[in-house]
Amino acid sequence: MKAIQKIAALMLLSIFSVVAQIQAQVMKMPADHIMIMPNDIKWGPAPPGLPPGSKAAVIEGNPSVAGLFTIRAKIPANYKIMPHWHPADEHITVIKGSCYMGIGDKFNEKEAKKMTTGGLQ
């Protein structure tokens, strides 16, 4: 019986070792990994597609060239962004407050959905 317990313990130890090695490889961050604190974000005028008074900050990448990028935008209350399109995927996360978003070619306030803090489009 003790031999079986030793074999089982060795097998469990081997499994944990393999899992730990895989997890360590997954957790490795790429060389270009960035960490930005809220106070380090450099805000500036927003691009023309956003309403006057908006501010924007490029977190990573370059929005004017093909490829992935991340921006943050501050949009004053009660502004309406008219329907528009992007040549690439766009993901929006509401960090603070709320906004209404719709999908389609025409602005339809009744069809818009309220996106609250933490909401993702």
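Structure above, values below:
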| item | result |
| --- | --- |
| Output for the stretch 87-121, where each listed residue is out of contact with any Gly (no Cβ under 9 Å at 6 or more places or on another chain) and closer than 23 Å to I34 by Cβ | D89, E90, H91, K96, G118, L120 |
| Flag if V65 is modelled with pLDDT of 80 or more and within 18 Å of the chain's Cα centre (by Cα) | no |
| Hits in the stretch 58-76 (condition: among the β-branched types (V, I, T) and closer than 25 Å to S98 by Cβ) | V58, I59, T70, I71, I75 |
| Some residue of the stretch 45-62 being of a type in the set (S, T, N, Q) and either at pLDDT below 85 or not in a helix (DSSP H, G or I) (or both) | yes |
| Among (1) modelled with pLDDT under 85; (2) loosely packed, with under 10 Cβ neighbours inside 10 Å; (3) in contact with a Pro (Cβ under 7 Å, 6 or more places away or on another chain), the one test that D105 misses | (1) |
| Of all residues in the stretch 77-89 being within 26 Å of A66 (Cβ to Cβ) and at pLDDT below 80, the one that is most open to solvent (accessible area, probe 1.4 Å) | W85 |
| Odd one out for G67 among (1) at positive phi; (2) surrounded by 10 or more Cβ atoms within 10 Å (Cβ to Cβ) | (2) |
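The values are calculated or read from the model by the stated rules, or taken from the named source; none is laboratory data. Given the structure is predicted, the values throughout are model-derived calculations rather than measurements. When we count neighbours, we look across all protein chains shown, and the Cβ atoms used for this are built from the backbone with ideal geometry, even at glycine. These accessible areas exclude ligands, DNA and RNA; they are computed on the full protein's heavy atoms, side chains included. Shrake-Rupley method; radii C 1.70, N 1.55, O 1.52, S 1.80 Å.
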